[in-house]
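Beneath this line is the structure, given in structure tokens, with notes to follow.
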Amino acid sequence: MPPPVGVTTHHVESAAQLQWALGNAAKGADVIVMTAAVADYRPAREAKEKLKRGELGAKTSIELVANPDLLAELGKQRKGSTPLLVRVRGRDRGRARERAREARREALRSDRRE
């Protein structure tokens, strides 16, 4: 599905790539709407090839490290209420349009106060 007209999207495959893309996008943004979260953890080491059952045996373990909380980091870096940060959680997805409208109204109110 193509993005709506006027919406900038960035396709990423890892939390590190998303963190970089968010950092760049947030610099000039008025509103950031996030509709998905990355996993809380990632493997400490990335496998370059498939991990084969025959080589690892019936039982193995993978060391995990925490991914950063990207939205929380954006909140710490912003100046005042800009950019406005909107999180649409899985349970809220049915309300995504309504939440986006609320964010737009809040952004307009914020512009009027400045």
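Close Cβ contacts (under 6 Å, 6 or more residues apart or on different chains) running from residues in the range 70-82 that are closer than 13 Å to Gly28 by Cβ and without any contact (Cβ under 8 Å) to a residue 24 or more places away in the chain to residues that are in a helix (DSSP H, G or I) and of a type in the set (Val, Ile, Thr) are absent. Could you list, ordered by first residue, the pairs with Cβ atoms under 9 Å in which the first is in the range 2-16 and in contact (Cβ under 8 Å) with a residue 12 or more places away in the chain and the second is small (Gly, Ala, Ser) and not in a loop (DSSP other than H, G, I, E, B), at least 6 apart or interchain? Sorted first by the residue in the range 2-16, then by its partner, the pairs are Thr8/Ala25; His10/Ala21; His10/Ala25. Considering only residues in the range 1-49 that are aliphatic (A, V, I, L, M) and surrounded by fewer than 13 Cβ atoms within 10 Å (Cβ to Cβ), the one that is farthest from Val86 (Cα to Cα) turns out to be Ala47.
The set of residues in the range 70-104 being among the β-branched types (Val, Ile, Thr) and modelled with pLDDT of 75 or more consists of Thr82, Val86.
The values are calculated or read from the model by the stated rules, or taken from the named source; none is laboratory data. These numbers were taken from a predicted model, which means no experiment stands behind them. All Cβ positions, even for glycine, are placed from backbone atoms using ideal geometry, and neighbour counts span all protein chains on display.
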